[in-house]
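Have a look at the structure below, then the notes.
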Amino acid sequence: MEAALEKILKTYREKEGNVISILQDLEETFGYIPENAVNWFSKKLDIPESRFYGITTFYAQFHLKPPGKNVIIVCRGTACHVKGSDRLISGLRRTFNLPEGEDTTADRKFTIERVACVGTCGMAPVALINKKVHGKMTSNKLIKEIKILEVKKTDTNNEG
Amino acid sequence: MERFRANLLMCAGTSCVSCGTMNIRDALKEEIKNRGLEKEIKIVLTGCNGYCAQGPVMVVQPEGIFYQSLTVEEIPKLVEEHFLKGRPYQKLMFKEPEKKIAIPTMNEIPFFKHQVLRVLRNRGLIDPEALEEYIARDGYQAAAKALSQMTSGEIVKVVKDSGLRGRGGAGFPTGLKWELALRTKSDMRYVVCNGDEGDPGAFMDRSVMEADPHSVIEGMIICAKAIESRKGYIYVRSEYPLAVKRLQIAIDHCYEAGLLGKNILGTGVNFDLKIYQGAGAFVCGEETALMRSIEGKRGIPRARPPFPVHQGLWDQPTVLNNVETFANIPPIILNGADWFSSLGTDMSKGTKVFALTGRVKNTGLIEVPLGISLKKIIYDIGGGIESGRSFKAVQTGGPSGGCIPEKFLDLEVDYESLAQVGSIMGSGGMVVLDETDCMVNTAKFFLEFTQAESCGKCIPCRIGTKRLLEILNRVTSGNGKEGDVELLEELGQDIKATSLCGLGLTAPNPVLSTIRYFRNEYEAHIKDKKCPAAVCKELLIYSVLEEFCNGCGACKRACPADAITGKRKKIHKIDSELCVKCGTCFDVCKFNAIKKQ
């Protein structure tokens, strides 16, 4: 981990970054914001941890918990809403048996997220499965895609 | 330079790509090679063509023949017919819905025919990652003219005279903004482009940044000269990775070509441009919040004045304009103010790009002259309502806007007319709703959004939107009380009157406009505990229509709550006690035998 953090620190110094750019690099590297990474930067840069957390919790891009292996993002934009994206979410939650307030399955295979709008409203409703855009989705189609992922079991994070 | 008999301009916008453009490109390449045509035909990947509904799409130049809904299987036939036999392939052409007659050329298709392309002048025509293609379409001529032949004052005057108003939504006169910044004494001034297109249902800025990134950069260079700035930022939301990539390539090319950096085109003008990626916060589309975000802080707005033109980024005078505004600048400089103002209404000049989505047949990106009627947009360009249902309302301006009912379909669209009917122009989202959409639910949808995105700084927005949402939740779940509509109205007005920034000032608009035009729907939810459009889950009852049910069992198998019983080939039944109202049975039934009411 240390080496990865040093690298981020180097880009920060070279490119005149700021707290947000550090957090973006952390999110990119680890998939979330690890607590010890924040402590490390806080000491190195003499910026209080609270500033990091203030910014982390303000922006939707940052996560405090590590995501599941496969990330499914359902678009909640207006066009998608009109075409029933809430049913996609409830269908997924039912399939994964997710309890209230939890977005990642217990086996850490899947995480469900929502995004305000990905800007592909022409093909609403839209879901992103591991960053790949799937348009004109239905609950059944989405669950089929997920079953394919379940069978694959291999690392699919590089798709798309 | 190599010359080709035909150029295949394939749309590589996000929509078409996710429908399989890349596979089709590979199949085309293969087929062209097999037929020995690789020296005659060139495939070009362009930015968004705009006709997202028919993706994947392709235009064959020079004839301008438009092919839609391409599939890998059809490619051999298409290549054979069109490029070997010289007969454009009718099967993949657009067809008029009633007469089924194929319309070969793009310009004749109704979706394109009524559009006027200024901002989207290069859409689907150039490779967005090639600077020379932009230059070949008069790119950077305006920048060269502005930098070498015009003074700051002259540029400001042309922009002012053109009547261009901010395309981000509020419609502040662009030239005036530039003039104010220029007049503010300072050693450092900034040019910032707002590409934080946060409105759900809007994607025009994304398309411009992806399809024609140089048009934005050129507009910013001209602005830099006009306000004597040396440094600029393009703020792009992180949800648009392709836009970031294309802009970065464009910026790198500009540095290599001497269009950015020191002594641009030998004119002595210096301008550095950097992309700043947002981190996912709707409020950052508000100018003061956006600038804080660039400074690396929580994106919280502050009170104005001081306005950014006096005290903006790092407390220096700053011009902040939207993507579409900047993309409008180069043609204004080249063709003059009169050319620009020849289109539009008295108060709103030029064209506007809209993202037309929802229940229309032709969803996609359109650019039309201001002053066009809603009817023309929805019926002539949009092709009317899908599935033969009837129009109910059009939602403009995203979460800050409102719903416009049928009686205003003849309204001529501009900043003022939309405001008069309780909506706003906003960034240009246009979501069409039909009889199957519930207006209370629509209002609740937007409130959920603005409530979650409220930054929390000022009380009217933070607590007011929360209370508004609570009442709406109550109404849509069948627990509405007498007087709730009046309470919504009163609270909405108070939030509008007292919030700090644009988010709170406009957040009640969806609620207020739906009450204004669809009060009866609110009352049906409250008094009759019914949702007339059959949308609000808690108020629905699902049942089987016996005359249509043939006992196929699809609903029974799909029901997650095991609420459906019935023997094979016998009429099925839904147990309303067990039913979780998920709607799955309604979706899977092929015989329209599930009724919701």
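Looking for whichever is touching a residue at least 12 places away in the same chain (Cβ under 8 Å) and within 19 Å of B:Thr345 (Cα to Cα) here; the options are B:Ile385, B:Ile381, B:Ile404, B:Ile377. Which one fits?
B:Ile377
Of the residues B:Gly268, B:Gly278, only one is away from chain A (no Cβ under 13 Å) and not hydrophobic (A, V, I, L, M, F, W, C); which?
Working: B:Gly278 fails: away from chain A (no Cβ under 13 Å).
From the options B:Gly268, B:Gly278, the qualifying one is B:Gly268.
Do you know which residues across the range A:52-94 are more than 7 Å from every other protein chain (Cβ to nearest Cβ), open to solvent by 40 Å² or more (accessible area, probe 1.4 Å) and under 16 Å from B:Ala281 (Cα atoms)?
A:Tyr53, A:Thr57, A:His63 - these are the residues of the range A:52-94 that are more than 7 Å from every other protein chain (Cβ to nearest Cβ), open to solvent by 40 Å² or more (accessible area, probe 1.4 Å) and under 16 Å from B:Ala281 (Cα atoms).
Here is a list: B:Glu448, B:Glu435, B:Glu453. Which entry is within 14 Å of another protein chain (Cβ to nearest Cβ), closer than 25 Å to B:Cys193 by Cβ and open to solvent by 10 Å² or more (accessible area, probe 1.4 Å)?
Answer to the selection: B:Glu453.
Quick one: which of A:Lys136, A:Lys152 is surrounded by fewer than 17 Cβ atoms within 10 Å (Cβ to Cβ) and facing another protein chain (nearest Cβ under 10 Å)?
Only one candidate passes the filter, namely A:Lys136.
Of A:Val118, A:Val74, A:Val133, A:Val82, which residue is among the β-branched types (Val, Ile, Thr) and at pLDDT 90 or above?
Going through A:Val118, A:Val74, A:Val133, A:Val82 in turn, the sole match is A:Val74.
Would you list the helices (runs of 4 or more DSSP H) that sit entirely within the range B:5-104 and hold 1 or more residues that are under 20 Å from B:Ile366 (Cα atoms) and touching a Ser or Thr at 6+ places or on another chain (Cβ under 6 Å)?
Of the helices (runs of 4 or more DSSP H) lying wholly inside the range B:5-104, those with at least 1 residues that are under 20 Å from B:Ile366 (Cα atoms) and touching a Ser or Thr at 6+ places or on another chain (Cβ under 6 Å) span B:14-18.
Considering only residues of the range A:27-47 that are within 14 Å of chain B (Cβ to nearest Cβ) and open to solvent by 20 Å² or more (accessible area, probe 1.4 Å), which is farthest from A:Lys65 (Cα to Cα)?
Per the stated criteria, the residue is A:Leu45.
Hey, can you tell me all the residues within the range B:346-360 that are crowded, with 17+ Cβ neighbours inside 10 Å and not aromatic (Phe, Trp, Tyr)?
B:Ser348, B:Lys349, B:Gly350, B:Thr351, B:Lys352, B:Val353, B:Ala355, B:Leu356, B:Thr357, B:Gly358, B:Arg359, B:Val360
Could you identify the single residue in B:Gly171, B:Gly139 that is outside the structural domain of B:Ser423 (by TED's automatic domain parsing) and either modelled with pLDDT of 95 or more or over 29 Å from the mean Cα position of the chain (by Cα) (or both)?
Going through B:Gly171, B:Gly139 in turn, just one is outside the structural domain of B:Ser423 (by TED's automatic domain parsing) and either modelled with pLDDT of 95 or more or over 29 Å from the mean Cα position of the chain (by Cα) (or both): B:Gly139.
Go over the candidates B:Ala250, B:Ala289 one by one and state the one that is within 14 Å of chain A (Cβ to nearest Cβ), open to solvent by less than 10 Å² (accessible area, probe 1.4 Å), at pLDDT 95 or above and touching a helix residue (DSSP H, G or I) at 6+ places or on another chain (Cβ under 9 Å).
B:Ala289
Check off (1) in contact with a helix residue (DSSP H, G or I) (Cβ under 8 Å, 6 or more places away or on another chain); (2) buried (at least 19 other Cβ atoms within 10 Å of the Cβ); (3) facing chain B (nearest Cβ under 10 Å); (4) of a type outside the set (Val, Ile, Thr) for A:Gln24 and give me the number that stays unchecked.
Only one criterion is unmet by A:Gln24, namely (1).
Is it true that B:Lys262 is without any contact (Cβ under 8 Å) to a residue 40 or more places away in the chain, within 14 Å of another protein chain (Cβ to nearest Cβ), outside any loop (DSSP other than H, G, I, E, B) and not hydrophobic (A, V, I, L, M, F, W, C)?
So B:Lys262 fails the test.
Tell me which of these B:Met204 doesn't satisfy, since it passes every other one: (1) away from every other protein chain (no Cβ under 14 Å); (2) surrounded by 24 or more Cβ atoms within 10 Å (Cβ to Cβ).
Here B:Met204 clears every test but (1).
Residue by residue, here is whether (1) open to solvent by 70 Å² or more (accessible area, probe 1.4 Å); (2) within 26 Å of the chain's Cα centre (by Cα); (3) closer than 16 Å to B:Asn49 by Cβ; (4) in contact (Cβ under 8 Å) with a residue 40 or more places away in the chain holds:
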{"site": "B:Thr71", "(1), (2), (3), (4)": "no, no, no, yes"}
{"site": "B:Tyr89", "(1), (2), (3), (4)": "no, no, no, no"}
{"site": "B:Lys95", "(1), (2), (3), (4)": "yes, yes, no, no"}
{"site": "B:Glu98", "(1), (2), (3), (4)": "yes, no, no, no"}
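Restricting attention to the range A:21-40, which residues are part of a helix (DSSP H, G or I) and in contact with a Ser or Thr (Cβ under 7 Å, 6 or more places away or on another chain)?
Answer for the range A:21-40, where residues must be part of a helix (DSSP H, G or I) and in contact with a Ser or Thr (Cβ under 7 Å, 6 or more places away or on another chain): A:Leu23, A:Asp25.
Evaluate the following for B:Lys496: is it open to solvent by 60 Å² or more (accessible area, probe 1.4 Å), in a helix (DSSP H, G or I) and either closer than 23 Å to A:Ser90 by Cα or assigned by TED's automatic domain parsing to the domain that holds B:Cys455 (or both)?
Yes, satisfied.
Count, please, the residues in the range B:367-384 that happen to be within 14 Å of chain A (Cβ to nearest Cβ) and crowded, with 21+ Cβ neighbours inside 10 Å. Walk me through it before giving the result.
As a first pass, look at the range B:367-384 and keep what is within 14 Å of chain A (Cβ to nearest Cβ): B:381-383.
Pick out the ones that are also crowded, with 21+ Cβ neighbours inside 10 Å and you get B:381-382.
Residues meeting the conditions: 2.
I want to confirm something. Restricting to the range A:1-21 and keeping residues that are open to solvent by less than 80 Å² (accessible area, probe 1.4 Å) and touching a residue at least 12 places away in the same chain (Cβ under 8 Å), which single residue is nearest to B:Ala289 (Cα to Cα)?
A:Ile20
Only one residue in B:Glu489, B:Glu435 is of a type in the set (D, E, K, R), modelled with pLDDT under 95 and farther than 24 Å from B:Gly280 by Cβ. Which one? Break it down stepwise before answering.
Details: B:Glu489 fails: modelled with pLDDT under 95.
The conditions single out B:Glu435.
Within the range B:544-558, can you find the residues that are in a loop (DSSP other than H, G, I, E, B) and open to solvent by less than 20 Å² (accessible area, probe 1.4 Å)?
Here is the first cut: in the range B:544-558, the ones in a loop (DSSP other than H, G, I, E, B) are B:545-553.
B:Gly551, B:Gly553, listed by residue number.
Output the residue which, of all residues in the range A:95-118 that are within 14 Å of chain B (Cβ to nearest Cβ) and free of Cβ contacts under 8 Å to residues at least 40 places away in the same chain, is surrounded by the fewest Cβ atoms within 10 Å (Cβ to Cβ).
Ranking the qualifying residues of the range A:95-118, first place goes to A:Asn97.
Any chance the range B:119-128 includes a residue that's open to solvent by less than 50 Å² (accessible area, probe 1.4 Å) and assigned to a strand (DSSP E or B)?
Checking the range B:119-128: not a single residue is open to solvent by less than 50 Å² (accessible area, probe 1.4 Å) and assigned to a strand (DSSP E or B).
Under 7 Å between Cβ atoms, which residue pairs at least 6 apart in sequence (or on different chains) link something in the range B:467-484 that is farther than 9 Å from B:His525 by Cβ with a partner that is in a loop (DSSP other than H, G, I, E, B)?
Matching pairs, first to second residue: B:Leu468/B:Pro508; B:Arg474/B:Gly480.
The values are calculated or read from the model by the stated rules, or taken from the named source; none is laboratory data. The structure presented is a predicted model; accordingly, all values stated were derived computationally and were not measured. Positions of Cβ are generated from backbone atoms using ideal geometry, with glycine treated the same way; all protein chains shown enter the neighbour counts. Note: areas computed on protein heavy atoms with side chains; ligands, DNA, RNA excluded. Shrake-Rupley method; radii C 1.70, N 1.55, O 1.52, S 1.80 Å.
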